[in-house]
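The values are calculated or read from the model by the stated rules, or taken from the named source; none is laboratory data. Note that this is a predicted model, so its numbers are computed, not measured. Cβ sites come from the backbone with ideal geometry, for glycine too, and all protein chains shown count toward neighbours. Side chains are part of the model used for accessible areas, which takes the heavy atoms of the whole protein and leaves out ligands, DNA and RNA. Shrake-Rupley method; radii C 1.70, N 1.55, O 1.52, S 1.80 Å.
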Amino acid sequence: MRLNEMTDWETEQYFQENDTVILTIGCLESHGSHNVLGVDTLIPEKLLSMIEERTEVVAAPGIPYGVCEDMTSFPGTISIGEDCMYMLLTRITEGLLQHGAKKILFLNGHGGNIPTLNRVCIELNKRGALGVQLNWWVMAGQLNPKWAGGHGGGEETAAMLAVNPDLVKTDHIRSMELINDLGDQFPTIGFDQIEFKGVGIPIPREVTRYTSNGWIGPDDPKDATAAWGQEMLTAVADYIGDFIKNLPRMVLL
């Protein structure tokens, strides 16, 4: 059920018997030359449609923008920043609480949103509610370690092939092309990470300073298949659907 397709009296009836709302949050940013900018929004929206087949939870209109300051050198990437995201989520959740929500599920598609979500969830808890983060790509890797991946790599590319294969430009898949180590002793090993004597150390930088492509991770997108994506998204949707069905048993503490 979509909140924007419900009347006020239907909404009132829903919250008389239910206290849960789900909200998708994404981002508009580069995911490699082979993926469209909306990966972090399109995948959660696909999952939401699958979850709606499994539950009767109400979904509030989602947020298609996110926090991605490190990616803004790539054309089309737009970051609304942590302050804007915090204010937006705060006003939305305040409205939902006012009308009866107690458990707000954030179906998130972008890692850069997590620090702001953490802050919002803590403040929700102080108000007697719960904010639940459903970071789909993390869940996928925990459900099956073979699915775990980085940014714009095999995991997300497989999911996009399941969402809409026409949106994946397979002929534009390039190598990861890590560049610009911070010296011989400090090689770049991943997003925001350099290595020193076998230990990874986060040093946040603009992405274009250490890779010429918008994807990075251990999972090469050339290995992605639609079958992988469909199996993975189905498993995640099944898990979240089961989680939502059991939410009435969750104690508000």
What tally of residues in region 154-174 results from selecting those that are modelled with pLDDT under 95 and open to solvent by less than 70 Å² (accessible area, probe 1.4 Å)?
1
Take region 175-208 and flag every residue that is charged (D, E, K, R), more than 21 Å from Met71 (Cβ to Cβ) and open to solvent by 80 Å² or more (accessible area, probe 1.4 Å).
Asp184, Lys197
Which strands (runs of 3 or more DSSP E) sit wholly inside region 145-253 and have at least 2 residues that are touching a Pro at 6+ places or on another chain (Cβ under 8 Å) and free of Cβ contacts under 8 Å to residues at least 24 places away in the same chain?
193-196
Output the number of residues of region 80-136 satisfying the condition of being among the β-branched types (Val, Ile, Thr) and farther than 24 Å from Ser49 by Cβ.
5
Checking the structure you have, find out if any residue of region 235-250 is over 22 Å from the mean Cα position of the chain (by Cα) and surrounded by 13 or more Cβ atoms within 10 Å (Cβ to Cβ).
yes
Name the pairs: first residue in region 1-29 and over 19 Å from Leu107 (Cβ atoms), second residue not aliphatic (A, V, I, L, M), Cβ to Cβ under 6 Å, at least 6 apart or on different chains?
Phe15/His99; Phe15/Gly100
What number of residues within region 119-138 satisfy the criterion of being of a type in the set (Phe, Trp, Tyr) and open to solvent by 20 Å² or more (accessible area, probe 1.4 Å)?
1
Would you confirm whether any residue within region 25-42 is modelled with pLDDT of 95 or more and under 21 Å from Leu124 (Cα atoms)?
yes
Between residues in region 38-56 that are farther than 15 Å from Leu3 by Cβ and residues that are open to solvent by 20 Å² or more (accessible area, probe 1.4 Å), which pairs lie under 6 Å by C-beta distance while being six or more apart or on different chains?
Thr41/Pro64; Leu42/Val163; Lys46/Val163
